[in-house]
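Read through the structure below, which is laid out as structure tokens, and then see the notes.
The values are calculated or read from the model by the stated rules, or taken from the named source; none is laboratory data. Everything numeric here is computed off the predicted structure, so don't read it as measured data. For neighbour counting, all protein chains shown are included, and Cβ atoms are generated from backbone atoms with ideal geometry for every residue, glycine included. Areas reflect the complete protein model, heavy atoms only, side chains present, ligands, DNA and RNA absent. Shrake-Rupley method; radii C 1.70, N 1.55, O 1.52, S 1.80 Å.
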Amino acid sequence: MSANLQNVDDIYPLTGTQQGMLYHTLSDPESGVYVNQVITPISGDLDVARFEQAWAEVVGRHETLRTAFLWDGLDDPLQVVRSDVQTEWRHLDMAGIPIAEQEARFSELLDADRRRGFDLAKSPLCRMTLVRYGPLQWKWIWSFHHLIVDGWSASLILDELFATYGSTSPGGVDLTNPVSYTHLRA
């Protein structure tokens, strides 16, 4: 385990609930049962680079978004908080595709993303997909493992992300009330 102790801020035991989720995830890793997806339509002149930077700032403030889980060769599993992580961002462009085909592709994208799951020993246990539908139309997908964030905490993280983006964005996108247009797919 010593090689895995680089880039570590802290180490904690798992809660009982986390132990159960870890067990079930390891028992059936392709089930996607604990992969949650937040789907947020965004309208306006989104500054993609600034949005990604706002997310990086939020990740820097929250240990849970930098947490991985180790269990191999250990008596009890541990959650390991990394000092620094890089979130995976995927960018897709569906502009110009007929609406019915967009919806089918989006649904396939969500299902494939859920089946992909996460390598629980590598943080972050989340990834982003930003889908462009037109010059001012987007859908953002935040996929994460339930081990690190529950639904209530997800809404707080969204509030913080949108406030962080809004505080430095020159305008054009209103991200101040995510609850009104965000859908959690669990």
* Asked: Per the helix-only calculation at 222 nm, which mean residue ellipticity applies to the chain, given -39500 (n - 2.57) for every DSSP H run of n ≥ 4 and division by its residues, nearest 500 deg cm²/dmol?
  -> -11000 deg cm²/dmol
* **Share of carbon and sulfur in the accessible heavy-atom surface of region 1-133 [1.4 Å probe, %]** => 48 percent
* If the chain between residue 152 and residue 110 were fully stretched, how many nm would it gain, using 0.36 nm times the residue separation less the Cα-Cα distance? -> 13.0 nm
* **Kirkwood hydrodynamic radius over Cα pairs of region 102-166, then Stokes diffusion coefficient at 25 °C and 0.890 mPa s, in µm²/s** => 182 µm²/s
* Nearest-20 debye value, the chain charge dipole, Cβ charges on Lys, Arg, Asp, Glu -> 280 debye
* To do: Compute the normalised compactness of the chain: alpha-carbon radius of gyration over 2.2 N^0.38 Å, N being the residue count.
  => 1.07
* Would you mind getting the Kirkwood hydrodynamic radius of region 64-125 from its Cα pairs, rounded to one decimal in Å? => 14.4 Å
* Asked: Counting only heavy atoms of protein chains, what accessible area per residue, in Å², does the chain have with a probe of 1.4 Å?
  -> 51 Å²
* Asked: Anyone know which of 159, 47, 72 comes out most mobile in the 10 Å Cα GNM of the chain?
  -> 72
* Go through 55, 24, 44 and say which Cα lies farthest out towards the positive end of the charge dipole of the chain; charges sit on Cβ, +1 for Lys and Arg, -1 for Asp and Glu. => 44
* If you line up the long axis of helix 16-27 against the longest principal axis of the chain, both from Cα atoms, how many degrees apart are they, to the nearest 10? -> 80 degrees
* Kindly rank 6-13, 39-46 from highest to lowest mean number of other beta carbons found within 10 Å of each residue. => 39-46, 6-13
* Structure fact -> Per residue convex hull volume, Cα only, region 1-51, in Å³ is 190 Å³
* Asked: Given 33, 77, 11, which one lies farthest toward the positive end of the charge dipole of the chain, if we put +1 on the Cβ of every Lys and Arg and -1 on the Cβ of every Asp and Glu?
  -> 33
